[in-house]
Structures are given as C-alpha cells and as structure tokens.
Amino acid sequence: MYAYLAMQVAERTLFLWNNEHIVSLIAQNRTVVLPIIFEALEKNIQSHWNQAVHGLTVNVQKMFIEMDAELFEECQRQYAEREAKAKDLEEQRELNWKRLTDAAAQNGVDMVTA
C-alpha cells in the first residue's frame, strides 16, 4: 500500500511540470532547483518500478537539458563523482570488515556470537 501511495505522490508531483507557470519559475531558478532534484531524477530514471513515473521523469530531464544543457552536464558530472565516491567507500567498508573477520577468525573469535 505504501509503495502505491508513494508512486501516486511522485506521479502527481511530476505532473506539475505540465503547468507553464511552474516550468517558468523553475526555469528562472534552474541553477538552484536542478542541483537539488538531480539525484532524485536520476534514481527514478534508473530504477523506478512505475512506467508512468519513469516516463514523466524522463520528460522533466529533457526539459532541463533543453533549458540549460551545460548546467545539466555539470550536475551529471557531480552526481557521477558522488556515486563513484560512495562505491569506493562501500568497497573500503567491505574490505575493512573482511580484514576484521579474518583477524577475529585467526584469534578464534566467532563474530556472530561475540
């Protein structure tokens, strides 16, 4: 039920982009708005389960590209950097955990019950 309600909120929010006044305001403030919402747009495009939300998100992304391709590319670059850093951090965490469990195993410590 929660997923359905969240999808409805996302879909209705994306429908705001059909309002010319809203689009005009966002276009005027795109340098503030796009960096804030870029990650959510990317995540919707990459993995949202609802086809309507996905399609509306693609339309919003296209509008931003048409408004300011240079700003869009800069947001895309920054997003890619953040994702790469997050991936590196996760890999480092996994490596540290493996080292810890290996050291504990050498000392005869059961990590599950310790």
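The numbers here are math on the coordinates, done by the rules we state, and not lab data. Only a predicted model underlies this, so the values are computations on that prediction, with no experimental measurement involved. Using ideal geometry, Cβ is built from the backbone for each residue, glycine included, and neighbour counts are taken over all protein chains shown.
Remarks
- Pairwise alpha-carbon distances in the range 2-106 exceed 23 Å for 43% of all pairs.
- Note on the chain: GNM, Cα springs under 10 Å; of T31, T101, T13, the largest mean-square fluctuation is that of T101.
- The modelled label-to-label distance between M63 and F15, using points 7 Å beyond Cα along the C-beta direction, is 1.4 nm.
- Placing +1 on the Cβ of every Lys and Arg and -1 on the Cβ of every Asp and Glu, with no other charges, gives the chain a dipole of roughly 240 debye about its Cα centre.
- Lysines with Cα under 18 Å of K85, excluding same-chain neighbours fewer than 8 positions away: K43
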